[in-house]
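What follows is one structure encoded as structure tokens, with my remarks underneath.
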Amino acid sequence: MTTKTMMLAAALLATASASLPAWAALPAPTPAQQQAADAKKAQAAAQAAKDKESLAASMDAVSSRWRGRAAQQGWKTHPPVAIAAAAPAAGAPAGASAGGIVTPAGAGGQQAGHLPASPANPIVESEKWGTAPPSEDQKAGPTKAVPHGAEPTVQKGSPENVSKKK
């Protein structure tokens, strides 16, 4: 193929692909198709709930077995950790929690953009963000210039070489 033929073929392909979306419109689903899709979604949701319960039961069984073994062997155990609630559904509005309660979401997904001041979730202080004072070891200002020909403040070389220069 020549270059002209390849360019013509590419142009025709681009034109044809641009007009495809107009031809590709699908008809609306029939009521029977919609019912079948709804039944399939309901079946998938039921299976997911069943799998979730099965997983929780399995995790509880493993946990109780290990806690029983720890008690027999005199190991120190801590109370079980609560598992966080599930994330909001994909179609939920912004700021919706797992319980379906909508809260005003601000910066960082926090309520109104502020973190609560509590021992469990303290406010983060950062020099970079300007919420904390500068560190004591931070450089106070730019390095001052020295006159031309002055001895450098840092002596290069090993200590033996520095003492021999003098």
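Read-outs: derived from the displayed coordinates by stated rules, not from any lab. Fair warning: this is a prediction, and the values are worked out from it, not measured in the lab. Note: ideal-geometry Cβ built from the backbone for every residue, glycine included; neighbour counts use all protein chains shown.
At a glance:
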{"read-out": "Pair K52, T30: separation of 7 Å Cα→Cβ label points (nm)", "value": "3.5"}
{"read-out": "Note, ³J(HN,Hα) from phi for the stretch 5-15, Karplus 6.51, -1.76, 1.60, rounded to Hz, x at Gly and Pro", "value": "5, 5, 5, 5, 5, 5, 5, 5, 5, 5, 5"}
{"read-out": "Karplus 3J(HN,Hα) series, Hz, for the stretch 38-44 with 6.51 cos²θ - 1.76 cosθ + 1.60 (x for Gly, Pro)", "value": "5, 5, 5, 5, 5, 5, 5"}
